[in-house]
Amino acid sequence: MSSLQGYVDRRVLLILQDGRAIIGVLSGYDQKSNIVLSDSKERVYSIDDGVEEIPLGLYLVKGDMIILIGEIDEERDSTIDLSTIHADPIPPIRY
Amino acid sequence: MLIFSVFKTLTDQRVTVELKNDLSITGTLKSVDQFLNIRLDAIEVSDQARHPHMMAVKNCFIRGSVVRYVQLPAEHVDTQLLEDATRREAASQTKR
Amino acid sequence: MDTSAGIQEPFDLIRLSLSERVFVKLRGDRELTGILHAYDGHMNLILSEVEETIMLVDGADSGPSGQGIVNVTKRKMEMLFVRGDGVILVSPPSRT
């Protein structure tokens, strides 16, 4: 993956192969797009309860597992009350 | 190589990328690489109610291998040019 | 003249289908028809005037004779890139 430079020190959302959503500050990456996130947490979605945030701290995610990297608009993110968001988790990738 | 070139000509156009997890993301194509990894700006997720997960995301990078489809702006695709280029590439492949 | 004369290898069949309507079978119980404008060695495709058919089987192991109810949904797209890793078969235009 070529252009991760622009995401360094930004708060990002990673979506993984199995559908997990992890947010954190992208503090480093390498050639294979392995990614180090600081101050990271998993956002667990469920249709019945609101979103639950599980703190993960400093986290290394293997590049192979990552299907999407998104830059978070922190201002917009802070206006969202996660407890009111009811949604199914993102489905896993099926090849 | 051919498809990579096609995507490069569509830079700055709006496209809709559908992933193999059924997520559909529309955005402005900012860049593409040889693996067909895609960078989109000003993104919108289709069916926001069902997929609120990316509400606060403004741009994203998508791994090429998880793409199922990309819907392209037809008015910016020269189909005659594509067919000629495809025939040329096919010819060069068989000569090898 | 034998119409198969120009065909020495599988990809020749696809090459001769350029600018024709083709039928494409994909993983995940999906099928497409569309006009083929480009392809490459990975079977990445670019099609126009695409109609997609998705087959969803409900309760596959319930009901008599183990048959589920098949829900078919259709969708049209103007210009579509299809990633080759999902392609099972490409079939030339039907002469009907």
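The values are calculated or read from the model by the stated rules, or taken from the named source; none is laboratory data. In this text, all values refer to a predicted model and were calculated from it rather than measured experimentally. Cβ sites come from the backbone with ideal geometry, for glycine too, and all protein chains shown count toward neighbours.
Taking the criterion of being of a type in the set (Lys, Arg) and either closer than 19 Å to residue B:43 by Cα or within 11 Å of another protein chain (Cβ to nearest Cβ) (or both), the residues of the range A:1-33 that qualify are A:10, A:11, A:20.
Might you let me know whether the range B:19-26 holds any residue that is within 25 Å of residue A:32 (Cα to Cα), modelled with pLDDT of 95 or more, of a type outside the set (Val, Ile, Thr) and assigned to a strand (DSSP E or B)? Yes, that holds for at least one residue. Residues in the range A:47-72 that are away from chain B (no Cβ under 12 Å) and either within 29 Å of residue A:84 (Cβ to Cβ) or at pLDDT below 95 (or both): A:48, A:49, A:52, A:53, A:54, A:55, A:56, A:57, A:59, A:61. Selection of the range B:34-69 for residues being in contact (Cβ under 8 Å) with a residue 24 or more places away in the chain, facing chain A (nearest Cβ under 7 Å) and either within 11 Å of the chain's Cα centre (by Cα) or closer than 30 Å to residue B:1 by Cβ (or both) yields B:37, B:59, B:60, B:61, B:62, B:63, B:66.
Determine whether the range A:31-50 contains at least one residue that is outside any loop (DSSP other than H, G, I, E, B) and over 12 Å from the mean Cα position of the chain (by Cα). No. Of the residues making up the range A:73-95, those that are facing another protein chain (nearest Cβ under 7 Å), free of Cβ contacts under 8 Å to residues at least 60 places away in the same chain and not in a loop (DSSP other than H, G, I, E, B) number 1. The residues in the range B:19-35 that are touching a strand residue (DSSP E or B) at 6+ places or on another chain (Cβ under 8 Å) and surrounded by fewer than 20 Cβ atoms within 10 Å (Cβ to Cβ) can be counted, and the count is 6.
The set of residues from the range C:22-56 being more than 12 Å from every other protein chain (Cβ to nearest Cβ) and buried (at least 17 other Cβ atoms within 10 Å of the Cβ) comprises C:22, C:31, C:33.
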